[in-house]
1. Can you tell which of Val90, Val130 is β-branched (Val, Ile, Thr), farther than 17 Å from Pro212 by Cα and away from ligand 2 (no atom under 16 Å from the Cβ)?
2. Could you list all residues from segment 6-48 that are part of a helix (DSSP H, G or I) and more than 23 Å from Met203 (Cα to Cα)?
3. Under the condition of being at pLDDT 95 or above and either assigned to a strand (DSSP E or B) or within 16 Å of ligand 1 (Cβ to nearest atom) (or both), which residue from segment 239-266 is surrounded by the most Cβ atoms within 10 Å (Cβ to Cβ)?
4. What number of residues in segment 268-285 are closer than 25 Å to Gly14 by Cβ and either free of Cβ contacts under 8 Å to residues at least 40 places away in the same chain or under 17 Å from the mean Cα position of the chain (by Cα) (or both)?
5. I need a count of the residues in segment 62-87 that are buried (at least 21 other Cβ atoms within 10 Å of the Cβ) and under 20 Å from Ser208 (Cα atoms).
6. Of (1) acidic (Asp, Glu); (2) within 22 Å of Met141 (Cβ to Cβ); (3) modelled with pLDDT of 95 or more, Asp323 satisfies all except one. Which?
7. Scan segment 52-73 residue by residue and report those that are more than 16 Å from ligand 1 (Cβ to nearest atom), modelled with pLDDT of 95 or more and in contact with a Cys (Cβ under 9 Å, 6 or more places away or on another chain).
Amino acid sequence: MRKFAVFSGFLGSGKTTTMIALTRYCTAHHGKAAMISNDLGEGVTLADDRLARLSGANASQITDECICFCHDVLTARLNECYDDGCELVVSDIPGFGVGALEHVYHGLSAEYPGQFELAPFTVLIEPRNVALLRENQGGDMAHILRAQLKEADLIVLNKCDLLEDAELEADRAWLASHYPQANVIAISAATGEGLEDLSRSLMQGSASMAHPDIDYDDADLQNAMDQLTEYYLEYVAQVCCNDFDGTEYLADIAGAVQAELRIRNCEIPHMKLLAWEPEGDFGKVDLLGTDRPIEVTRRFARPCTDVAVILNANAACPASVLDGVIRSVVEETSDRYQLELRYFKKECFNLGE
Ligand SMILES: Nc1nc2c(ncn2[C@@H]2O[C@H](COP(=O)(O)OP(=O)(O)O)[C@@H](O)[C@H]2O)c(=O)[nH]1
Ligand SMILES: [Mg+2]
């Protein structure tokens, strides 16, 4: 089997966590699987890809361009995975990702007919965003969520560990009735619930190859996408003390960026901070909006000495504002922890500019 699935979905919905859990689960129970993290930064190491590898997933990355527009790179990578014995490969798409059904699925099937078996086009959503849609809130973001869900063959309601049974059923029923073209399943990438369902849906189902009625030039949709600034930072921190708490350090950076952006009325749907030390111990902190608590996704087991850090962010604010905020927060926080920094890479750009 040469199955390929795109995972679309809003920033922070859990695409990476799900791809990690799914590829590990499939490989253990059904057949070898692989994941691809796709994002735009040029020549960067993605936090998602590094996290996936540190977590033991069979993972690789495609950067510089959306897989929507580099089918040669994508097909070469897919063929490598299948030659390596994979039966299922999943990839996410950068940013908001609306349009991948047309560009990736229809593009691949036109250019490489019959080469790949396309699994249901999969869109992840988290309960908080279902709530926004149900309450008719969410502003620009709601436009993106609706467009994404219209593309779906399979809607994955993730983070169901955060819901009571009755809430879960209500959300599932609402999604099924508003997006009747799609199957809806509920999972928790965090606990592993529903992974069997998801594996079977992808391995046994196939893409509908629909052409949903989405106005990709819609001014609101375009406006929302144009506001997005992407940020990629990689550095190494040399630690002087011997009780350095890497997790607290990452959480302090996330908290300070959140506070600074709140003052400036900027929204930050997702910032990821990943740090690891040479022996493979690592910490991960996620910021998922100015109004949500900082999430410590993984704690360092021990105090660490030297650490490598990757910070990736997507924010709805001008590039100069995000750059200024992140740079000064990283410098001030690192000073406070008496770290010496060596920068490797920084990229910051606005998608609309
Ligand atoms: N409670 C809970 N949190 C989750 C789950 N899946 C992902 N998350 C958290 O949601 C945040 C965003 O996840 P990520 O996979 O990076 O989302 P992505 O931006 O769509 O790739 C992280 O803090 C994850 O730990 C889940 O099933 N349950
Ligand atoms: Mg991700």
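1. Details: Val90 fails: away from ligand 2 (no atom under 16 Å from the Cβ).
One residue alone meets the criteria, Val130.
2. Ala47, Asp48
3. The residue in question is Leu250.
4. 12
5. Of the residues in segment 62-87, 1 are buried (at least 21 other Cβ atoms within 10 Å of the Cβ) and under 20 Å from Ser208 (Cα atoms).
6. (2)
7. Within segment 52-73, Asn58 is the sole residue that qualifies.
Okay, residues lined up against (1) away from ligand 2 (no atom under 16 Å from the Cβ); (2) farther than 22 Å from Arg50 by Cα:
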residue: Cys241; (1), (2): yes, yes
residue: Ala275; (1), (2): yes, no
residue: Gly280; (1), (2): yes, no
residue: Lys284; (1), (2): no, no
residue: Pro293; (1), (2): yes, yes
residue: Ala301; (1), (2): yes, no
residue: Ala308; (1), (2): yes, no
residue: Gln338; (1), (2): yes, yes
residue: Arg342; (1), (2): yes, no
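The values are calculated or read from the model by the stated rules, or taken from the named source; none is laboratory data. Keep in mind it's a predicted model, so treat the numbers as computed, not measured. Virtual Cβ from ideal backbone geometry, glycine too; neighbours counted across all protein chains shown.
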